[in-house]
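> First the structure, which I've put down as structure tokens, then a few questions once you've had a look.
The values are calculated or read from the model by the stated rules, or taken from the named source; none is laboratory data. As the structure is a computational prediction, the values presented were derived from the model and not from experiment. FYI the Cβ positions are ideal-geometry reconstructions off the backbone, even for glycines, and counts take in every protein chain you see.
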Amino acid sequence: MSLKTALHQYLASKASITALVPASRIVRGKRPVGAALPSIAYFRVTGASEQHQASAGDFATDLVQLDIWAVTDTSADAIRDAIRNVLDGMHNTKIGSGANATAILSCEIVNNTDVIEFPDDGSDAHRFCASMDCEIKYRVSVPNFT
């Protein structure tokens, strides 16, 4: 199971998000230079597997950052709100499909920030980035040490 792939499948399947950002512009990792806007780029900032006294646990927690890039701050905020509406507070929900299906135990937005990217050419063609950090707790298989 892959949280990153499942998250992509989930976001790309939500009409409230794809009405604002085409699914083809939802990317893992860094937004390509010169990519069309609006777009969403996401990546895992950090992660940890949970441990029990007797063995490894069956869940992990990742901090995932989503960067919403747009031409105006208003459109970046609208996209961030659409993402918040499908992620924040999610619990006991399976996302993704096939081998990438992932059981989400909980998802909480823990931080929001705004960034303005100034163009290199000195023009007024600024790009706006609304970022959000989501703490996602999800099921993983327990290592069998074979």
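> Residues 35, 99, 41, 54: which one is among the small types (Gly, Ala, Ser), buried (at least 19 other Cβ atoms within 10 Å of the Cβ) and either outside any helix (DSSP H, G or I) or in contact (Cβ under 8 Å) with a residue 40 or more places away in the chain (or both)?
Selected residue: 41, the only one of 35, 99, 41, 54 that is among the small types (Gly, Ala, Ser), buried (at least 19 other Cβ atoms within 10 Å of the Cβ) and either outside any helix (DSSP H, G or I) or in contact (Cβ under 8 Å) with a residue 40 or more places away in the chain (or both).
> Only residues in the stretch 1-22 that are hydroxyl-bearing (Ser, Thr, Tyr) count as the first member; pair them with residues that are in a helix (DSSP H, G or I) and exposed (fewer than 15 other Cβ atoms within 10 Å of the Cβ), Cβ under 7 angstrom, at least 6 apart or cross-chain, and list the lot.
Correct list of pairs: 16/85.
> For the condition on the phi < 0 side of the Ramachandran plot and touching a Pro at 6+ places or on another chain (Cβ under 6 Å), what is the one hit in 12, 56?
When all the criteria are applied, what remains is 56.
> Could you please tell me which pairs satisfy a Cβ distance under 8 Å, a separation of 6+ or placement on different chains, a first residue in the stretch 120-142 that is more than 18 Å from residue 83 (Cα to Cα) and at pLDDT 95 or above, and a second residue that is of a type in the set (D, E, K, R) and assigned to a loop (DSSP other than H, G, I, E, B)?
none
> So, residue 46, is that one closer than 26 Å to residue 137 by Cβ and free of Cβ contacts under 8 Å to residues at least 60 places away in the same chain or not? Give the derivation first.
Numbers: closer than 26 Å to residue 137 by Cβ: yes; free of Cβ contacts under 8 Å to residues at least 60 places away in the same chain: yes.
So residue 46 passes the test.
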